[in-house]
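Undergrad: Would you mind keeping the following structure in view while I ask a few things?
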Amino acid sequence: MVWFSKKKTDIEDIKESAKIVSEVLGKIGINDKPQPINGGRGFGWSLQRGSAVVYISINNIENVGYFRVLSPILYLPSENILPFYRTLLEINMELTNAALALQDDKVCVLSERTIAGLDSVEADETIKRVSYYADQLDNKLAAEFGGRLYSEVRE
């Protein structure tokens, strides 16, 4: 039984969405060419807002196109992990069109959706929202719980 059907995304949809994101980034002064990712099936960019590093991608995963804005903000603290997790969940309730998530041992601000119907207004708003949240939260969480900032330790 198939629970969810997925419309296949072709490379032209990926390229069109990448063009939208490139234009949005150009308007805020980032004129970098998108970097091919995922074996050429997607494109990626990065930028910095304050102390936050933000990764943006248009990617084809299992024949579905996704627009993702991800900002790793800090590494998990070594102590008080349960109060830390509780704080993350409480913050999640305050976020709009974004979430806090874990990727390996890093706390990230994330927004992701399919590329179907993506336009420049939504792409711009999502990039601004994730980068704003990341820049606002990274130092506060590190100060309160002692995690190391991602931007200072970058892999």
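Undergrad: Mind telling me which of the residues GLU79, GLU94, GLU62 ends up being more than 11 Å from the chain's Cα centre (by Cα) and under 19 Å from ASP13 (Cβ atoms)? Break it down into steps so the answer makes sense when it comes.
TA: Numbers: GLU79 fails: under 19 Å from ASP13 (Cβ atoms); GLU94 fails: under 19 Å from ASP13 (Cβ atoms).
The unique qualifying residue is GLU62.
Undergrad: Scan region 105-123 for residues that are touching a Leu at 6+ places or on another chain (Cβ under 9 Å), among the acidic types (Asp, Glu) and within 23 Å of ASN60 (Cβ to Cβ) and jot them down.
TA: Selection gives GLU112 alone.
Undergrad: Please specify each residue of region 26-58 satisfying the condition of being part of a helix (DSSP H, G or I) and under 30 Å from LYS140 (Cβ atoms). If you could, list the steps in order and put the result at the bottom.
TA: Initial filter on region 26-58 (part of a helix (DSSP H, G or I)): 26-27, 38-40.
If the condition is that a residue be part of a helix (DSSP H, G or I) and under 30 Å from LYS140 (Cβ atoms), then LYS27 is the only one that fits.
Undergrad: For region 86-97, which positions are open to solvent by less than 60 Å² (accessible area, probe 1.4 Å), touching a strand residue (DSSP E or B) at 6+ places or on another chain (Cβ under 9 Å) and in a helix (DSSP H, G or I)? Outline the logic, then answer.
TA: First pass over region 86-97, keeping only residues open to solvent by less than 60 Å² (accessible area, probe 1.4 Å): 87-88, 91-92, 95.
Still in the list and also touching a strand residue (DSSP E or B) at 6+ places or on another chain (Cβ under 9 Å): 88, 91-92, 95.
If the condition is that a residue be open to solvent by less than 60 Å² (accessible area, probe 1.4 Å), touching a strand residue (DSSP E or B) at 6+ places or on another chain (Cβ under 9 Å) and in a helix (DSSP H, G or I), then LEU88, ILE91, ASN92 are the ones that fit.
Undergrad: Anything in region 29-56 that is without any contact (Cβ under 8 Å) to a residue 60 or more places away in the chain and either touching an Asp or Glu at 6+ places or on another chain (Cβ under 9 Å) or among the aliphatic types (A, V, I, L, M) (or both)? List them, or say none.
TA: Our first condition is that a residue be without any contact (Cβ under 8 Å) to a residue 60 or more places away in the chain; within region 29-56, this holds for 29-46, 55.
Once the filter is applied, which keeps residues that are without any contact (Cβ under 8 Å) to a residue 60 or more places away in the chain and either touching an Asp or Glu at 6+ places or on another chain (Cβ under 9 Å) or among the aliphatic types (A, V, I, L, M) (or both), region 29-56 yields ILE30, ILE37, TRP45, SER46.
Undergrad: Another question about this same structure. Only one of ASP124, ASP135 is open to solvent by less than 60 Å² (accessible area, probe 1.4 Å), in contact with a Lys or Arg (Cβ under 7 Å, 6 or more places away or on another chain) and not small (Gly, Ala, Ser). Can you tell me which?
TA: When all the criteria are applied, what remains is ASP135.
Undergrad: Within region 98-117, identify whether any single residue is open to solvent by less than 70 Å² (accessible area, probe 1.4 Å), in a helix (DSSP H, G or I) and closer than 20 Å to SER51 by Cα, and answer yes or no.
TA: Within region 98-117, not a single residue is open to solvent by less than 70 Å² (accessible area, probe 1.4 Å), in a helix (DSSP H, G or I) and closer than 20 Å to SER51 by Cα.
Undergrad: Spot the failing condition for PRO72; the list is (1) open to solvent by 10 Å² or more (accessible area, probe 1.4 Å); (2) assigned to a strand (DSSP E or B), and only one is missed.
TA: (1)
Undergrad: Still on this structure, I have one more. Looking at ARG148, ARG129, ARG113, which is the one that is closer than 19 Å to LEU25 by Cα and in contact with a Phe, Trp or Tyr (Cβ under 9 Å, 6 or more places away or on another chain)? Before you say what the answer is, go through the steps one by one.
TA: Numbers: ARG148 fails: closer than 19 Å to LEU25 by Cα; ARG129 fails: in contact with a Phe, Trp or Tyr (Cβ under 9 Å, 6 or more places away or on another chain).
Step by step, each of ARG148, ARG129, ARG113 is checked, and only ARG113 is closer than 19 Å to LEU25 by Cα and in contact with a Phe, Trp or Tyr (Cβ under 9 Å, 6 or more places away or on another chain).
Undergrad: Given the residues ARG129, ARG86, ARG113, which is the only one that is within 21 Å of GLU12 (Cα to Cα) and at pLDDT 95 or above? Step through it out loud before you land on a result.
TA: Values: ARG129 fails: within 21 Å of GLU12 (Cα to Cα); ARG86 fails: within 21 Å of GLU12 (Cα to Cα).
Unique residue meeting the criteria: ARG113.
The values are calculated or read from the model by the stated rules, or taken from the named source; none is laboratory data. In this text, all values refer to a predicted model and were calculated from it rather than measured experimentally. With ideal geometry, Cβ positions are generated from the backbone for all residues, glycine too; neighbour counts draw on all protein chains shown. All accessible areas refer to the heavy atoms of the entire protein, side chains included, with ligands and DNA or RNA removed. Shrake-Rupley method; radii C 1.70, N 1.55, O 1.52, S 1.80 Å.
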